[in-house]
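Reviewing the structure listed below.
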Amino acid sequence: MIDLHAHLLPGGDDGPETLEEAIEICRAAADDGVETIIVTPHQRHGFWPNDDRRILEVLFEKLRSATGGRPTLALGAEIRVDSELLHDVDRLPGGSLLTLAGSKYLLLEFASVSSEPDPRPVVHELTLAGWFPILAHPERIPWFVDQPELVAELVERGAFVQLTAGSVTGELGRGPQACCSLLLDEDLVHFVATDTHDARVRPPRLSEAFRAIAEGWGEARARRLIKENPRAVLENRPLSRHNAE
Ligand SMILES: [Fe+2]
């Protein structure tokens, strides 16, 4: 399995505070069957702007050498969407932003409290410029939960969708789980990832989500969302928006 959303850089954001804790999470993920993690610190988010990506790269190299390749690690970011986003994406590969493992895929986090900026032009502009935007956990963002048709419209415009493993399994509550089921039924999901922050809150248990999806939507769908599609991100390959068999 490949986990493409995980907060693991000690001191980089609200993930683990120490290198030891980060190593513990990596070991737990490897024991769970995760081969590769894309480490995704918050960028442009409140207390953790992380607009100097060299600092993130140094923290990442420290973690990578401490874990010794089990699991394999790559660097990315979970980028908060704001009015400056498109301007900063234009500066890539320069500037502050990190894409997922250096690919054309961008993991985007919309604010939970406000639907500003409007996600439609954001997705449209990014797609037009050749980027592959991924909506991080819409099942945990109330205005997406209330408007599944908006998620469908964004997928139609070129967005991909990532659900949190704990939402799929019901660990994060019935509301997020119901939204996941709806989006999976509608074939609007492309990735499931842990969004792990520490060894206790949202621990890296991707295998449980794999089983839940295999039971509800078939083994092929589980493989697609947790193995094959994230592999395409690592290899910077374009993906189909349709996953249902
Ligand atoms: Fe996250």
Which of the residues spanning the stretch 101-119 are farther than 24 Å from Leu4 by Cβ and open to solvent by 60 Å² or more (accessible area, probe 1.4 Å)? Val113, Glu116
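Checking the structure you have, find out if any residue of the stretch 86-97 is within 16 Å of the ligand (Cβ to nearest atom) and within 18 Å of Asp195 (Cα to Cα).
Going residue by residue through the stretch 86-97, those that are within 16 Å of the ligand (Cβ to nearest atom) are 97.
Now restrict to residues that are within 18 Å of Asp195 (Cα to Cα): none.
Scanning the stretch 86-97 turns up no residue that is within 16 Å of the ligand (Cβ to nearest atom) and within 18 Å of Asp195 (Cα to Cα).
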Checking Asp3, Asp14 in turn, the sole residue that is under 30 Å from Asp88 (Cα atoms), within 13 Å of the ligand (Cβ to nearest atom) and surrounded by 24 or more Cβ atoms within 10 Å (Cβ to Cβ) turns out to be Asp3
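Before we move on, is Leu63 in a helix (DSSP H, G or I) and either modelled with pLDDT of 95 or more or touching a Phe, Trp or Tyr at 6+ places or on another chain (Cβ under 7 Å) (or both)?
Values: in a helix (DSSP H, G or I): yes; either modelled with pLDDT of 95 or more or touching a Phe, Trp or Tyr at 6+ places or on another chain (Cβ under 7 Å) (or both): yes.
In short, yes.
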Filtering the stretch 221-245 down to residues that are open to solvent by 30 Å² or more (accessible area, probe 1.4 Å) and in a helix (DSSP H, G or I) yields Arg223, Arg224, Lys227, Glu228, Arg231, Leu234
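The values are calculated or read from the model by the stated rules, or taken from the named source; none is laboratory data. Values in this document were obtained by computation on a predicted structure and should not be read as measured data. With ideal geometry, Cβ positions are generated from the backbone for all residues, glycine too; neighbour counts draw on all protein chains shown. Protein only, heavy atoms only, side chains kept; ligands, DNA and RNA dropped before computing areas. Shrake-Rupley method; radii C 1.70, N 1.55, O 1.52, S 1.80 Å.
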